[in-house]
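K.L.:
The structure follows.
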Amino acid sequence: MTLLGIHILVGVLIYLFRSLSTLYFFGSILFFLFLIFKSGNRNNEALMAAAYMTGAEVLFRMTRAVPIYEAGKYSVITFLLIGLVLSGTSRKSGVYWFYIFLLLPSILIAAMNLNFGTDVKKAIFFNLSGPICLGLSALYCIDRKLTYRQLSDLTRWILLPIIAMAIYITLGTPDLRESLRSTGANYAATGGFGPNQVSTVLGLGMFVALVQLIINSRNKILFLVHLVITGFMLYKGIITFSRGGVITGLVVSFAFMLIYFAGSRGQARRKMVTYLIVLSVVFVGAAAYSSFQTNGLINKRYTNRDAAGRLKSDITTGRAELLESELSAFYENPLTGLGVGKIKEYREETTGIYAASHNEVSRLLSEHGILGLVILFILILYPLVYRYKNRRNYLFYAALGFWFLTINHSSMRIAAPAFIYALCLLNVVHEKKKTPLRRKRIIT
């Protein structure tokens, strides 16, 4: 509860004094470095640090706290590299070393294909930072033992900075009933930052808050706190008018609840029924309140209509056209692909549209060719194979689902899908029972 209060205060202070966000960023880095090196990463502090930076990345971006745009991903990568140096990786990690190796040939192709004057280094770093972040996250997490308590702590570290972000954008949001005029993405409700990224993180926040509600509500007060946070995250996500993050959050939340319900017995199952009923009421209430606050415009957004109620011709908001151009590039260059970062130039040359990819699946195919297809097979199939012998991770399907759904509407613009993917590879174990200390009698 103390950490919750601190992060609510962080959101308020950054709204009042925006320059504090830079102090917050560097302070977070130093705090976690201290924890990691103090313990030698004995309790997976590096993983907790990466989880925190994953949740905080968009807040740092929207407040311009970071010296470079991709600093959030780089901090996640750095913490995990430190963790790998201190704690090593599993013997089962070979498939993810191979995955990283498969990303490299497209760098050479890009160096040959990118237009003269293009910043090759920037194009490569921008497009590969997400996949590399995923690879290193997987190398750290694969078959790494984490107790149920540590897994709960990890989801809480993700949630805390998202709460700070939600408070920050709430304080800066004007009266929606007065300011909204269309059903397009709502920058007014996202701190002026990209609604797609904000919606994705709020959807993640809703999910991890729900996880905390189900596995870490030891009393009625904690249950109520987690319930309020879950509903608040859903409401904030809905009013961004960016549907991808909200739908993803809802899908993985319901998947998690159903799987957790199926694995529960007796009193735990009866408690889950109560949770399902209460959460359903909260979800419906959040949707109804969002409709009221937006004068019904959000209903039109989710039914693919404009402000006048006319049905829009393209439910994908232009993404289908981007996808089509990326698949065309793959058909033309199936073996090698175009090279990292080239699809943006190819699309402008062939369609006149200059836009980055919103779909990581088609980007992999267009820029990596047949190797991109191999990469997709690895990323989808290997976790399922691993799951066959390790069924204790209650986040498995939700983590894998969050990754796949997110990369299909937002590519890998933020670290969240890369890091959350790796959580499905954890080897979750029970707490070790303390053996009672037996003392030999010395007086008879």
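The values are calculated or read from the model by the stated rules, or taken from the named source; none is laboratory data. Just so you know, these numbers come straight off a predicted model, no measurement behind them. Methodologically, a virtual Cβ is constructed for each residue, glycine included, from the backbone with ideal geometry; neighbour enumeration extends over all protein chains shown.
K.L.:
Could you check, for region 338-351, whether at least one of its residues is under 20 Å from F125 (Cβ atoms), at pLDDT 90 or above and hydrophobic (A, V, I, L, M, F, W, C)?
P.N.:
Checked against the condition, which is being under 20 Å from F125 (Cβ atoms), at pLDDT 90 or above and hydrophobic (A, V, I, L, M, F, W, C), region 338-351 yields at least one hit.
Every residue, every condition in (1) in contact with a helix residue (DSSP H, G or I) (Cβ under 8 Å, 6 or more places away or on another chain); (2) in contact (Cβ under 8 Å) with a residue 40 or more places away in the chain; (3) more than 17 Å from S280 (Cβ to Cβ); (4) in a helix (DSSP H, G or I), yes or no:
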{"residue": "V228", "(1), (2), (3), (4)": "no, no, no, yes"}
{"residue": "Y235", "(1), (2), (3), (4)": "yes, yes, no, yes"}
{"residue": "G244", "(1), (2), (3), (4)": "yes, yes, yes, yes"}
{"residue": "G249", "(1), (2), (3), (4)": "yes, yes, no, yes"}
{"residue": "F261", "(1), (2), (3), (4)": "yes, no, no, yes"}
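K.L.:
Do we have any residue at all in region 181-190 that's in contact with a strand residue (DSSP E or B) (Cβ under 8 Å, 6 or more places away or on another chain), crowded, with 22+ Cβ neighbours inside 10 Å and in contact (Cβ under 8 Å) with a residue 12 or more places away in the chain?
P.N.:
Yes, region 181-190 contains a residue that is in contact with a strand residue (DSSP E or B) (Cβ under 8 Å, 6 or more places away or on another chain), crowded, with 22+ Cβ neighbours inside 10 Å and in contact (Cβ under 8 Å) with a residue 12 or more places away in the chain.
K.L.:
Just one of the numbered conditions (1) surrounded by 20 or more Cβ atoms within 10 Å (Cβ to Cβ); (2) more than 19 Å from Q293 (Cα to Cα); (3) among the β-branched types (V, I, T) is not true of I239; which one?
P.N.:
(2)
K.L.:
While we're looking at this one, here's another question. Has region 15-28 got at least one residue that is buried (at least 16 other Cβ atoms within 10 Å of the Cβ) and either of a type in the set (K, R) or within 18 Å of the chain's Cα centre (by Cα) (or both)?
P.N.:
No: region 15-28 contains no residue that is buried (at least 16 other Cβ atoms within 10 Å of the Cβ) and either of a type in the set (K, R) or within 18 Å of the chain's Cα centre (by Cα) (or both).
K.L.:
A further question on this structure: Every residue in region 338-359 that is of a type outside the set (A, V, I, L, M, F, W, C), within 18 Å of F116 (Cα to Cα) and touching a residue at least 12 places away in the same chain (Cβ under 8 Å), please.
P.N.:
G339, G341, K342, K344, E345, Y346, R347, T350 - these are the residues of region 338-359 that are of a type outside the set (A, V, I, L, M, F, W, C), within 18 Å of F116 (Cα to Cα) and touching a residue at least 12 places away in the same chain (Cβ under 8 Å).
K.L.:
Count, please, the residues in region 170-205 that happen to be more than 18 Å from the chain's Cα centre (by Cα) and at pLDDT 95 or above.
P.N.:
Of the residues in that region, 0 qualify.
K.L.:
Residue check: is N393 surrounded by fewer than 24 Cβ atoms within 10 Å (Cβ to Cβ), assigned to a helix (DSSP H, G or I), under 21 Å from the mean Cα position of the chain (by Cα) and of a type outside the set (G, A, S)?
P.N.:
no
K.L.:
Please find, within region 252-287, the residue that is nearest to the chain's Cα centre (by Cα) out of those that are surrounded by 13 or more Cβ atoms within 10 Å (Cβ to Cβ) and of a type outside the set (A, V, I, L, M, F, W, C).
P.N.:
Selected residue: S253.
K.L.:
Could you say which residue among L30, L80, L9, L20 is in contact with a Ser or Thr (Cβ under 9 Å, 6 or more places away or on another chain), of a type in the set (A, V, I, L, M), modelled with pLDDT of 95 or more and farther than 30 Å from P383 by Cβ? Step through it out loud before you land on a result.
P.N.:
Values: L30 fails: in contact with a Ser or Thr (Cβ under 9 Å, 6 or more places away or on another chain); L80 fails: farther than 30 Å from P383 by Cβ; L9 fails: in contact with a Ser or Thr (Cβ under 9 Å, 6 or more places away or on another chain).
Being in contact with a Ser or Thr (Cβ under 9 Å, 6 or more places away or on another chain), of a type in the set (A, V, I, L, M), modelled with pLDDT of 95 or more and farther than 30 Å from P383 by Cβ holds for just one of L30, L80, L9, L20, which is L20.
K.L.:
Within region 354-369, track down each residue that is surrounded by fewer than 22 Cβ atoms within 10 Å (Cβ to Cβ) and either at pLDDT 95 or above or not in a helix (DSSP H, G or I) (or both).
P.N.:
Y354, A355, A356, N359
K.L.:
Give the residues of region 13-38 that are of a type in the set (A, V, I, L, M, F, W, C) and in contact with a helix residue (DSSP H, G or I) (Cβ under 6 Å, 6 or more places away or on another chain), sorted by residue number.
P.N.:
Answer for region 13-38, where residues must be of a type in the set (A, V, I, L, M, F, W, C) and in contact with a helix residue (DSSP H, G or I) (Cβ under 6 Å, 6 or more places away or on another chain): L13, I14, L20, F25, F32, L35, I36.
K.L.:
Kindly indicate whether any position in region 202-215 is over 22 Å from C424 (Cα atoms) and either without any contact (Cβ under 8 Å) to a residue 40 or more places away in the chain or surrounded by 24 or more Cβ atoms within 10 Å (Cβ to Cβ) (or both).
P.N.:
Checked against the condition, which is being over 22 Å from C424 (Cα atoms) and either without any contact (Cβ under 8 Å) to a residue 40 or more places away in the chain or surrounded by 24 or more Cβ atoms within 10 Å (Cβ to Cβ) (or both), region 202-215 yields no hits at all.
K.L.:
Quick one: I163 ticks every box in (1) closer than 21 Å to T78 by Cα; (2) at pLDDT 95 or above except a single one, so which number is it?
P.N.:
Status for I163: all satisfied but (1).
K.L.:
Moving on. Evaluate region 307-326: report whether one residue or more is under 28 Å from V208 (Cα atoms), of a type in the set (V, I, T) and surrounded by fewer than 16 Cβ atoms within 10 Å (Cβ to Cβ).
P.N.:
Within region 307-326, one or more residues are under 28 Å from V208 (Cα atoms), of a type in the set (V, I, T) and surrounded by fewer than 16 Cβ atoms within 10 Å (Cβ to Cβ).
A quick yes/no check of all residues on (1) surrounded by 15 or more Cβ atoms within 10 Å (Cβ to Cβ); (2) assigned to a helix (DSSP H, G or I):
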| residue | (1), (2) |
| --- | --- |
| K38 | no, yes |
| N43 | yes, no |
| M48 | yes, yes |
| M53 | yes, yes |
| R64 | no, no |
| I77 | yes, yes |
| V85 | no, yes |
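K.L.:
Those residues that are assigned to a helix (DSSP H, G or I), more than 12 Å from T294 (Cα to Cα) and not hydrophobic (A, V, I, L, M, F, W, C), I need them from region 171-221; list them, please.
P.N.:
Y187, P195, N196, Q197, S199, T200, G203, G205, Q212, K220, listed by residue number.
K.L.:
I would also like to ask the following. Going residue by residue through region 144-158, is there one that turns out to be over 25 Å from Y24 (Cα atoms), touching a residue at least 24 places away in the same chain (Cβ under 8 Å), surrounded by 15 or more Cβ atoms within 10 Å (Cβ to Cβ) and charged (D, E, K, R)?
P.N.:
Going through region 144-158, the residues over 25 Å from Y24 (Cα atoms) turn out to be 144-149.
Retained after the next criterion (residues that are touching a residue at least 24 places away in the same chain (Cβ under 8 Å)): 144-149.
Restricting the remaining residues to those that are surrounded by 15 or more Cβ atoms within 10 Å (Cβ to Cβ) gives 144, 146-148.
When the remaining residues are screened for being charged (D, E, K, R), the result is 144.
The answer is yes, given that some residue of region 144-158 is over 25 Å from Y24 (Cα atoms), touching a residue at least 24 places away in the same chain (Cβ under 8 Å), surrounded by 15 or more Cβ atoms within 10 Å (Cβ to Cβ) and charged (D, E, K, R).
K.L.:
Follow-up question, since we're still on this one. Answer with yes or no whether R156 is at pLDDT below 95 and either basic (K, R) or in a strand (DSSP E or B) (or both).
P.N.:
Numbers: at pLDDT below 95: no; either basic (K, R) or in a strand (DSSP E or B) (or both): yes.
No: the conditions fail for R156.
K.L.:
How many residues does region 249-281 contain that are of a type in the set (S, T, Y), over 22 Å from I238 (Cα atoms) and modelled with pLDDT of 85 or more?
P.N.:
Number satisfying all stated conditions: 2.
K.L.:
Return the residue satisfying two criteria in turn: it lies in region 298-318 and is farther than 21 Å from N408 by Cβ and not in a loop (DSSP other than H, G, I, E, B), and of such residues it is modelled with the lowest pLDDT.
P.N.:
L311
K.L.:
Looking at region 94-121 only, could you name the residues that are of a type in the set (S, T, Y), over 25 Å from the mean Cα position of the chain (by Cα) and not in a loop (DSSP other than H, G, I, E, B)?
P.N.:
Across region 94-121, the qualifying residue is only S106.
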